[in-house]
Amino acid sequence: MARAKKKNLAKKRSSPAGRIAREQPIAPEPNRLLKVWRRVLERRLRTRLRAPVAVEVHDNTHTMLTFQRHRALWRLRLHHMFLAAPDEVIHALADYVRNGDAEASAQLDKFIERNKIYIRRVSPAQMRKRLRMEPVGQHHDLGRIFERLNERYFRGRIDAAITFGPAPRVTRPRKSIKMGSYSADSRVIRIHPALDQPVVPRYFVEWIVFHEMLHNVYRTRRGEDGRRCIHPPEFLEHEKRFHDYSRAQAWEMENLDLLLRARVSA
Ligand SMILES: [Zn+2]
């Protein structure tokens with residue numbers, strides 16, 4: 001036992017590994033490092049945009065980049081994958097910010113696709129936990145509508161949750177209305193609460209739900225012109241299979257006003 005101890009001690013004294021450990025430089029703290037990289041990125045973008053640039057770096061899971069202009073200053077919010085982006089990506093970023101250039105946009109999409117391993121993974125179930133789900137309205141039960149459509153049209157294969165969206169904050173008359181939405185991240189379909197009225201026929205609500213369910217089947221892709229295509233031709237073809245398609249369309253034409261004027265309380 002004593003011998004072993006002595007041997008260890010001797011090893012410690014003479015080991016080159018031990019010396020290296022003592023001389024190791026102190027690692028910079030992550031925040032400081034991030035700040036340096038952010039500054040570098042700002043400088044690279046500033047050179048390209050020929051204007052002041054302020055960059056904020058985030059770890060979002062869905063929106064990888066947003067930007068705004070405040071007078072001369074460009075404010076960009078970027079996923080951290082952009083910190084070490086090669087020059088051609090920085091150039092594309094500048095072109096996209098400045099002109100909404102479609103080619104640059106496609107190039108950025110490719111870069112994001114190549115680097116998606118750096119995007120934090122949050123499961124749809126984890127995301128849903130943060131949301132208030134209210135599928136049962138006063139007049140329409142979205143859960144039941146969803147189940148029936150899923151059985152009838154999709155062999156029960158659509159894995160998504162459904163809820164009425166929150167009551168909008170603005171109560172003055174609307175100029176347009178987004179009747180439904182689908183989030184690919186959380187796999188949640190949201191239906192506008194204005195549809196939960198006795199005057200809105202069930203087949204119309206069904207049509208809106210059916211449309212959003214199709215977003216679970218067909219993902220957004222880029223058309224030949226490089227633009228984002230949310231409703232590709234096969235999506236629109238598929239939508240016509242809904243049993244009350246023309247009736248629902250006709251109802252919308254005649255009653256849009258009613259939906260725009262609907263008062264929705266929380
Ligand atoms: Zn749509």
Query raised in the report: Out of residues 5 or more away from C229 or on other chains, whose amide H comes under 5 Å of its own, with H placed 1.01 Å from N in the peptide plane?
Result: R221, R222, G223
Report summary line: Note: R157 to L236 extended length (0.36 nm per residue) minus current alpha-carbon separation gives 26.5 nm
Requested in this report: Give a residue-ordered list of calculated ³J(HN,Hα) values for segment 97-112 (Karplus: 6.51 cos²θ - 1.76 cosθ + 1.60, θ = phi - 60°; whole Hz; x for Gly, Pro).
Outcome: 5, 6, 10, x, 3, 5, 5, 4, 4, 5, 5, 5, 4, 5, 4, 5
Report task. Would you mind computing, in nm to one decimal, how far apart the modelled labels at S181 and D244 are, each placed 7 Å from Cα along Cα→Cβ? Result -> 2.6
Report summary line: Given a Förster distance of 25 Å, the FRET efficiency implied by the Cβ-Cβ spacing of S123 and Y203, rounded to the nearest 0.05, works out to 0.15
Query - Helix-derived mean residue ellipticity, 222 nm - over the chain, DSSP H n ≥ 4, -39500 (n - 2.57), to 500 - result: -15000 deg cm²/dmol
Report summary line: For W74 the rounded accessible area (nearest 10 Å², probe 1.4 Å, non-protein molecules ignored) is 20
Query raised in the report: By how many degrees, 0 to 90 and rounded to 10, does the Cα axis of helix 2-14 deviate from the longest principal axis of the chain?
Result: 90
Query raised in the report: If you take the charge dipole of segment 124-261 about its Cα centre, with +1 on Lys and Arg Cβ and -1 on Asp and Glu Cβ, which of A125, Q249, I158 is farthest toward its positive end?
Result: A125
Query raised in the report: Ordered by residue, what ³J(HN,Hα) values in Hz, to whole numbers, does segment 131-141 give under the Karplus form 6.51 cos²θ - 1.76 cosθ + 1.60, where θ = phi - 60° and Gly and Pro are x?
Result: 9, 8, 9, 10, x, 9, x, 6, 10, 10, 9
Query raised in the report: Of all accessible surface on segment 124-261 at a 1.4 Å probe, what whole percent is carbon and sulfur?
Result: 48
Requested in this report: Taking all protein chains together and a probe of 1.4 Å, list H139, H58 from the most accessible to the least accessible.
Outcome: H139, H58
Report summary line: Hits in segment 98-113: amide N under 19 Å from the 7 Å Cα→Cβ extension of R69, namely 98-105
**Report entry** Amide proton proximity set for H58, modelled H, under 5 Å, gap of 5+
**Finding:** L78, H79, H80
Report summary line: Comparing I26, I145, I191 in a Gaussian network model of the chain (Cα, 10 Å), the one with the largest mean-square fluctuation is I26
Report summary line: Sequence order, segment 23-28: Karplus ³J(HN,Hα) from phi using 6.51 cos²θ - 1.76 cosθ + 1.60, θ = phi - 60°, Hz rounded, Gly and Pro as x, gives 8, 4, x, 6, 6, x
Requested in this report: Evaluate E = 1/(1 + (r/R0)^6) for C229 and I26, where r is the Cβ-Cβ distance and R0 equals 41 Å; express this FRET efficiency to the nearest 0.05.
Outcome: 0.20
Report summary line: For segment 124-261, shape from the Cα gyration tensor axes a ≥ b ≥ c, cut at a/c of 1.5 then a/b versus b/c, turns out rounded
Query raised in the report: In whole percent, what relative contact order does segment 30-118 give with Cα contacts below 8 Å and a gap of six or more residues?
Result: 23
Query raised in the report: Hey, what did the chain get for relative contact order, percent, Cα under 8 Å, at least 6 apart?
Result: 13
Query raised in the report: Against the longest alpha carbon principal axis of the chain, how many degrees, from 0 to 90 and to the nearest 10, is the axis of helix 202-217 turned?
Result: 30
Report task. Would you mind checking which residues have amide H under 5 Å from E134's amide H? H placed 1.01 Å from N; only 5 or more apart, or other chain. Result -> F164
Requested in this report: Take the Cβ-Cβ distance between N255 and R130 as r, set R0 to 41 Å, and report the resulting FRET efficiency rounded to the nearest 0.05.
Outcome: 0.75
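The values are calculated or read from the model by the stated rules, or taken from the named source; none is laboratory data. Fair warning: this is a prediction, and the values are worked out from it, not measured in the lab. Because the Cβ atoms are built from the backbone with ideal geometry, glycine has one as well, and the counts that use them run over all protein chains shown. The accessibility values were calculated without ligands, DNA or RNA, using every heavy atom of the protein model including side chains. Shrake-Rupley method; radii C 1.70, N 1.55, O 1.52, S 1.80 Å.
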